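Throughout, read-outs are computed from the coordinates displayed, never taken from laboratory work. Keep in mind it's a predicted model, so treat the numbers as computed, not measured. Note that we place each Cβ from the backbone using ideal geometry, even for glycine, and neighbour counts take in every protein chain shown.
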Amino acid sequence: MHTQMTTDHVAIRRWVEARRGVPAQRRAARDYGAALQIIFPEREAPSSVMPMDWKRFFEEFERDELAFVHDADLGGEASYYNRFVKREAVK
């Protein structure tokens, strides 16, 4: 697995839409805050995950100072691996 990290909104949206994904947010539960996620039509999302528009998604992304970690496209079948990390954690 070859991962890349980006904060570029265009690159993130391009990666997600190439896999027919949509931005989403998991509702807060107990001590955990709401968390950004990407949902894909091939995978059923839990009921606690709600789709959101890109504008709001990137507002949350910037407010929480996140970076997007994902598998690089190296040819062949597309990977869906992705996660969000705090930017400060990778400096």
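Here are some notes:
- Around the amide H of Ala35, modelled in the peptide plane, lie the amide H atoms of Arg26, all under 5 Å away and 5 or more residues distant in sequence or on another chain.
- Sorting the segments 17-26, 38-47, 53-62 by their residues' average number of neighbouring beta-carbon atoms within 10 angstrom, most packed first, yields 17-26, 53-62, 38-47.
- Dipole-positive endmost among Gln4, Val69, Leu36 within the range 3-90 (Cβ charges, Cα centre): Leu36
- Under 15 Å, Cβ to Cβ, from Tyr81 - net charge with Lys/Arg +1 and Asp/Glu -1: -1
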